Amino acid sequence: MALAAASAAGRANASAWIAPEGGQEILTGAAGMRADVMVFESSAYLEAPLDERSSLIFAPWSETASDLQSGWRGEAVVGVKRAVFRDDASVMAVQGGLYWRSDPPGDCGEGGIEARWLGGRSFGGGRFVNLELGARALDEGCLGGRAELTAGFRPRENWLAMGQIFYDAPQDGEKSLHFQLSLVRFDDNDRGIQLGLRTRLDGGGETALVLGMWRRPFG
């Protein structure tokens, strides 16, 4: 699960979250426990504008833990996102690209494809809700699905509060449901520091502390 699969460009509205004008970059790390095992995660999300509606996406993710067969596993996505609808309150985008996984199941290869649908709406007063739905397929099959729901609130110009639900349904493993609460503090240059806490809602005894750095490198 990528910890920063969705991100904001420092503005509390759905359009800036899903289709920012100046691109965005988020670097995230997490440390926590899974049963009695210490787990470390790292992820990056880079979105570089191609034109007014399209952007290039690069999103690697890795996990290190002693209960993994090789002690480490990773994923990465390279793709293109395009906003297909946008007004003052709502936005919708689609995304497609190449997907890589270090530990493919069965006879499947490491490479594949990913497709996503993204939608969001602002409700005034700094409040917004976003939804992402994704599907992945490796060579020779091995389908999987993911969903992410985010509710955000910006009480002040330099503060953003978020609640997020992540659902992962890989073909080769157990389904999982995680919940994450985060606060992001922005400076005058739209750079943010994120502090969050994530836990698993469907059992498994997983809890992690999340730390992230946000910026808009192309704005």
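What does the helix-only formula give at 222 nm for the chain: each DSSP H stretch with n ≥ 4 adding -39500 (n - 2.57), the total divided by the residues, and the result rounded to the nearest 500 deg cm²/dmol? Before the final figure, lay out the partial values.
On the way: 1 runs with 5 residues, N = 219.
Dividing the helical sum by the residues of the chain leaves -500 deg cm²/dmol.
For the stretch 206-218, in order, what is each residue's ³J(HN,Hα) by Karplus, 6.51 cos²θ - 1.76 cosθ + 1.60 with θ = phi - 60°, in whole Hz (x at glycine and Pro)?
Karplus-based 3J(HN,Hα) across the stretch 206-218 equals 9, 9, 8, 8, 10, 10, x, 10, 10, 7, 10, x, 10 Hz.
Computed over the Cα atoms of the stretch 65-179, what is the ratio Rg over Rh, Rh following Kirkwood?
1.05
Taking the chain as a Gaussian network, where each spring joins two C-alpha atoms under 10 Å apart, which residue of 114, 75, 174 fluctuates the most?
Evaluated over the chain, the most mobile residue of the options is 174.
Give me P(r) over the chain, computed from all C-alpha to C-alpha distances, binned every 5 Å, as integer percentages.
1, 7, 14, 20, 21, 17, 11, 6, 2, 0, 0
Karplus couplings for the stretch 51-65 from phi (6.51 cos²θ - 1.76 cosθ + 1.60, θ = phi - 60°), rounded to Hz, Gly and Pro as x?
So the J values, rounded to whole Hz, are 7, 5, 10, 10, 8, 8, 10, 9, 9, x, 8, 9, 9, 10, 6.
Using R₀ = 22 Å, calculate the FRET efficiency as 1/(1 + (r/R₀)^6) where r is the Cβ-Cβ separation of residue 27 and residue 54; round to 0.05. Let's see the in-between values first.
Working: r = 23 Å, r/R0 = 1.05.
Calculated transfer efficiency: 0.40.
Read-outs: derived from the displayed coordinates by stated rules, not from any lab. Note that this is a predicted model, so its numbers are computed, not measured. Cβ: placed from backbone, ideal geometry, glycine included. Neighbour counts: every protein chain shown.
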